[in-house]
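Some notes on the structure that comes next.
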Amino acid sequence: MATTSALAQTVAPSADIARGDIEQGRRLLDQYQCGACHAIPGIPAARGTAGPPLGQFGRRSYAAGRVPNTEALLARWIVNPHSMNPATTMPAMGASEQEARHMAAYLLSLQ
């Protein structure tokens, strides 16, 4: 298992990827049906209970309980959760790096 600092070093954001857009992230979380597993404030149909609730996500120190809660690392988690935790039950949903940045921006805005 990689250490937190090792993960942070291996997941540097691509220089051509812009910071995420909060409203676009909200729409994408709905589009990718993240609410089937997670309760997500601001997304009416997002009432899932299989995954952890994502309210006040921006106040968390760690994303997925494993890595520092930054936009870049959270986006990496969204794109390929198994690369960061092979035992996770969260599926890779096919989001692009930029879409994941938008979703991360929305989640980090939840205070």
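The values are calculated or read from the model by the stated rules, or taken from the named source; none is laboratory data. Computed from a predicted model, the values in this text were never measured in an experiment. As a convention, Cβ positions derive from the backbone with ideal geometry for all residues, glycine included, and neighbour counts pool all protein chains shown.
Quick one: which residue in A50, A36, A64, A87 is exposed (fewer than 14 other Cβ atoms within 10 Å of the Cβ) and modelled with pLDDT under 95?
Testing whether each residue is exposed (fewer than 14 other Cβ atoms within 10 Å of the Cβ) and modelled with pLDDT under 95 leaves just A87.
Please enumerate the residues belonging to segment 90-105 that are buried (at least 20 other Cβ atoms within 10 Å of the Cβ) and in contact with a Phe, Trp or Tyr (Cβ under 9 Å, 6 or more places away or on another chain).
A95, E99, A100, M103, A104
Any residue in segment 32-54 that is over 16 Å from T88 (Cα atoms) sitting within a Cβ distance under 6 Å of a residue that is modelled with pLDDT of 95 or more and among the charged types (D, E, K, R)? List the pairs, counting only those 6 or more apart or interchain.
Here the result reads A39/R47; G42/R26; I43/D30, each pair linking segment 32-54 to a residue that is modelled with pLDDT of 95 or more and among the charged types (D, E, K, R).
Can you tell me which condition G20 does not meet? The list is (1) more than 16 Å from S109 (Cα to Cα); (2) modelled with pLDDT under 95; (3) buried (at least 17 other Cβ atoms within 10 Å of the Cβ), and all the others hold.
(1)
Kindly indicate whether L74 is touching a residue at least 24 places away in the same chain (Cβ under 8 Å), in contact with a strand residue (DSSP E or B) (Cβ under 6 Å, 6 or more places away or on another chain) and either under 18 Å from I43 (Cβ atoms) or not small (G, A, S) (or both).
Numbers: touching a residue at least 24 places away in the same chain (Cβ under 8 Å): yes; in contact with a strand residue (DSSP E or B) (Cβ under 6 Å, 6 or more places away or on another chain): yes; either under 18 Å from I43 (Cβ atoms) or not small (G, A, S) (or both): yes.
Criteria met by L74.
Can you tell me how many residues in segment 56-71 are among the aliphatic types (A, V, I, L, M) and either within 18 Å of I43 (Cβ to Cβ) or within 9 Å of the chain's Cα centre (by Cα) (or both)?
Just the residues of segment 56-71 that are among the aliphatic types (A, V, I, L, M), to begin with: 63-64, 67.
Narrowing the set further to residues that are either within 18 Å of I43 (Cβ to Cβ) or within 9 Å of the chain's Cα centre (by Cα) (or both) leaves 63-64.
Going through segment 56-71 one residue at a time, the tally reaches 2.
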